[in-house]
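Undergrad: Just dropping this structure here.
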Amino acid sequence: MRIICCGNPERGDDGAGALVAEGLRDSGVEAEIRSGEALDLIEAWSGADHVVVVDSVETGAPRGTLWRWDGRKASFPSDQLASTHGLGVSAAIRLARVLGRLPERLQVYGIEGRRFEHGTEVSPEVKLAVEQVVRQIGAAYRLSLSSWSGCPSFDDTTTSI
């Protein structure tokens, strides 16, 4: 399982992914921090069968709402996931699908944010969501190391958790 966490800790709630990566690393789980740019993501997951991507999102839901999608099945309209990364996670998935470069399993966790200005701190609601995501991914990672072969499956639709 390759875990890729996106975001910029200098931009408020956009730091959610970096905080998830730090929390996972503190618990002994390997996690990468990436900018979240589409081409960088496609390259980062290249060669991996099972990928988990974490990023902050802005969908209009309350701050701190957790989302998870099956990246292979979900259909992301171009404006569904506003991103501070320009062409972000949803664009990476759409492009990788066209290029045949999607991993066999792709799970996407989105943490709803609102504050993305330079120099702002991560909001308390997002910090709570980060803790939940660290626990969920950490548990799935430990299970994947045992005889169990993966993470909980996701519905075809967007799920709020």
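The values are calculated or read from the model by the stated rules, or taken from the named source; none is laboratory data. Just so it is clear, the model here is predicted, and its values are computed rather than measured. We place every Cβ from the backbone using ideal geometry, glycine too, and count neighbours over all the protein chains shown. Heavy atoms of the whole protein, side chains included, go into the accessibility calculation; ligands, DNA and RNA do not. Shrake-Rupley method; radii C 1.70, N 1.55, O 1.52, S 1.80 Å.
Undergrad: Give, as residue ranges, the strands (runs of 3 or more DSSP E) completely inside segment 1-67 that count at least 3 residues that are more than 21 Å from Arg114 (Cα to Cα).
TA: 2-6, 50-57
Undergrad: Kindly indicate whether Phe116 is aromatic (Phe, Trp, Tyr), under 28 Å from Asp26 (Cα atoms) and either surrounded by 19 or more Cβ atoms within 10 Å (Cβ to Cβ) or modelled with pLDDT under 60 (or both).
TA: Here the answer is no, as Phe116 does not meet what is asked.
Undergrad: With the requirement that a residue be more than 15 Å from the chain's Cα centre (by Cα) and either farther than 17 Å from Ile3 by Cα or open to solvent by less than 20 Å² (accessible area, probe 1.4 Å) (or both), what does segment 119-145 give you?
TA: Gly119, Thr120, Glu121, Val122, Ser123, Pro124, Glu125, Leu128
Undergrad: Cβ contacts < 8 Å: first residue over 12 Å from Ile111 (Cα atoms), restricted to segment 1-29; second residue aromatic (Phe, Trp, Tyr), any location; separation 6+ or different chain. Result?
TA: Close Cβ pairs (under 8 Å, with a partner that is aromatic (Phe, Trp, Tyr)) amount to Met1/Tyr141; Arg2/Trp45; Ile3/Tyr141; Ile4/Trp45; Arg11/Phe116; Gly12/Phe116; Leu24/Tyr141; Val29/Tyr141.
Undergrad: Here is a further query. Return yes or no: is Arg101 open to solvent by 10 Å² or more (accessible area, probe 1.4 Å), modelled with pLDDT of 90 or more and either assigned to a strand (DSSP E or B) or in contact with a helix residue (DSSP H, G or I) (Cβ under 9 Å, 6 or more places away or on another chain) (or both)?
TA: So Arg101 passes the test.
Undergrad: For segment 42-63, state whether one or more residues are open to solvent by 30 Å² or more (accessible area, probe 1.4 Å), within 12 Å of the chain's Cα centre (by Cα) and either β-branched (Val, Ile, Thr) or farther than 15 Å from Gln132 by Cα (or both).
TA: The answer is no, given that none of the residues of segment 42-63 is open to solvent by 30 Å² or more (accessible area, probe 1.4 Å), within 12 Å of the chain's Cα centre (by Cα) and either β-branched (Val, Ile, Thr) or farther than 15 Å from Gln132 by Cα (or both).
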